[in-house]
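Okay, structure first, notes after.
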Amino acid sequence: MLGYDDEMSQDHDWGPRVLLFLHDDNHERHGDAMQDMLRELQRRLPAGSADGSADVAVHTVRGYLRDQLAVDIGSELDAGDWLTLPEQSLLMLTSGAVFHDDVGLQAVRRRFAYYPRDVWLYLMVAGWWRVHPEANLVGRAGSMGDELGSALIGSRLVHDLMQLCFLLERRYAPYAKWFGTAFAGLDCGPGLSPVLGRAVRAPTWQEREEALTEAYVAVAALHNASGITEPVVVEEVRLWDRPFAVPWGDVPGALTDAITDPAVRAIAERWPVGGPDRARDLLWGARRRGLLRPLFD
């Protein structure tokens with residue numbers, strides 16, 4: 001569906017997949033019989049036929065949405081609901097070709113095409129606040145001779161900067177296996193990948209810090225070029241006068257000021273740092289959304 005699979009992917013769950021959607025009443029009357037008929041047709045195909053490996057499933061739009069996101073098609077979603085939706089599931093729901101639609105599937109896909117504006121702004125606020133406070137720790141750990149610890153912090157910062165790039169381009173990010181592959185396909189991917197790679201592979205904390213500073217400045221420039229807020233000035237600061245270079249621009253402050261939805265602003269005031277996506281990654285199944293929802297009430 002995402003187009004990332006290769007020969008190695010054939011060792012499990014491999015093959016074309018077709019989802020057939022029926023109206024609710026038609027599915028109730030004919031869904032099981034149609035599914036049985038399709039399985040029987042597949043069984044009769046010649047051995048080794050490519051069509052024989054196709055996974056064909058019969059759904060309703062309502063049932064499929066409930067399975068993928070634990071959302072009822074008729075429900076209104078507030079900010080807290082959006083922040084509990086698994087990003088990988090949102091990506092899967094809105095990807096792939098639709099060959100025919102008279103059941104409202106495209107309308108649902110448009111509805112979930114991307115986060116509402118203020119939820120999107122908040123996710124970027126949380127992302128920027130993850131980067132800045134930890135930037136000085138790359139040097140702090142390294143100065144104690146802990147290059148491994150410094151590298152771990154640096155790798156986490158690289159991931160967070162990459163996540164910000166997905167947000168800036170309004171693209172859902174896939175889960176870890178395809179995260180870097182999808183990043184390379186972003187508009188900014190080819191330009192940023194070399195410096196991010198240097199940050200990950202740097203043998204010393206000084207080189208790591210230099211590469212991360214360059215990457216931070218580049219992502220901040222992407223923010224300024226986007227026009228989401230007024231341009232933000234980025235400068236080098238020294239936290240507590242420590243000898244570690246930390247770039248800083250008040251991008252999260254500018255983004256917070258741009259949030260107009262009172263519910264989202266209230267969440268931003270309670271959860272200005274960290275970001276719900278970390279909790280979402282731990283409780284990634286749609287059925288576990290109920291465990292996350294109280295965080296935003």
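Quick look at the numbers
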item: Test: PHE166 is without any contact (Cβ under 8 Å) to a residue 24 or more places away in the chain, open to solvent by less than 10 Å² (accessible area, probe 1.4 Å), assigned to a helix (DSSP H, G or I) and in contact with a Cys (Cβ under 9 Å, 6 or more places away or on another chain); result: no
item: Hits in segment 120-140 (condition: farther than 21 Å from VAL237 by Cβ and open to solvent by 10 Å² or more (accessible area, probe 1.4 Å)); result: TRP120, LEU123
item: Cβ-Cβ under 8 Å pairs, at least 6 apart or on other chains, segment 143-157 side of a type in the set (Ser, Thr, Tyr), far side open to solvent by less than 60 Å² (accessible area, probe 1.4 Å) and assigned to a loop (DSSP other than H, G, I, E, B); result: SER143/PHE244
item: First in segment 203-219 and buried (at least 17 other Cβ atoms within 10 Å of the Cβ), second anywhere and modelled with pLDDT of 95 or more and among the basic types (Lys, Arg), Cβ under 7 Å, 6 or more apart; result: ALA211/ARG198
item: Cross-chain or 6+ apart pairs with Cβ under 8 Å, segment 100-117 first and of a type in the set (Lys, Arg), then open to solvent by 30 Å² or more (accessible area, probe 1.4 Å); result: ARG109/THR94; ARG109/VAL98
item: Residues (more than 30 Å from MET144 (Cα to Cα) and open to solvent by less than 60 Å² (accessible area, probe 1.4 Å)) located in segment 221-248; result: ALA221, HIS223, ASN224, SER226, GLY227, ILE228, THR229, VAL232
item: Neighbours by Cβ (under 6 Å, 6+ apart or cross-chain): first from segment 258-282, among the charged types (D, E, K, R); second at pLDDT 75 or above; result: ASP261/ASP118; ARG265/ILE259
item: Flag for VAL251 being touching a residue at least 24 places away in the same chain (Cβ under 8 Å), open to solvent by less than 10 Å² (accessible area, probe 1.4 Å) and either in contact with a His (Cβ under 6 Å, 6 or more places away or on another chain) or aromatic (Phe, Trp, Tyr) (or both); result: yes
item: Of the criteria (1) closer than 19 Å to VAL264 by Cα; (2) surrounded by fewer than 21 Cβ atoms within 10 Å (Cβ to Cβ), which one ALA79 fails; result: (2)
item: Flag if ARG117 is within 28 Å of THR256 (Cβ to Cβ) and either open to solvent by 30 Å² or more (accessible area, probe 1.4 Å) or modelled with pLDDT of 95 or more (or both); result: yes
item: Per-region count, segment 57-72, residues open to solvent by less than 60 Å² (accessible area, probe 1.4 Å) and out of contact with any strand residue (DSSP E or B) (no Cβ under 8 Å at 6 or more places or on another chain); result: 6
item: Any hit, segment 87-97, residues being aliphatic (A, V, I, L, M) and either open to solvent by 40 Å² or more (accessible area, probe 1.4 Å) or more than 15 Å from the chain's Cα centre (by Cα) (or both); result: yes
item: Entirely in segment 200-295, the helices (runs of 4 or more DSSP H) that have 1 or more residues that are hydrophobic (A, V, I, L, M, F, W, C) and in contact with a Pro (Cβ under 8 Å, 6 or more places away or on another chain); result: 205-226, 289-292
item: Total residues in segment 176-195, condition of a type outside the set (Gly, Ala, Ser) and not in a helix (DSSP H, G or I); result: 3
item: Candidates ARG156, ARG171, ARG198 - the one that is within 21 Å of SER226 (Cβ to Cβ) and among the basic types (Lys, Arg); result: ARG171
item: Condition met for ALA173 (assigned to a loop (DSSP other than H, G, I, E, B) and open to solvent by less than 50 Å² (accessible area, probe 1.4 Å)); result: yes
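The values are calculated or read from the model by the stated rules, or taken from the named source; none is laboratory data. Computed from a prediction, not measured in an experiment: that's the story for all the values here. Note that we place each Cβ from the backbone using ideal geometry, even for glycine, and neighbour counts take in every protein chain shown. Areas reflect the complete protein model, heavy atoms only, side chains present, ligands, DNA and RNA absent. Shrake-Rupley method; radii C 1.70, N 1.55, O 1.52, S 1.80 Å.
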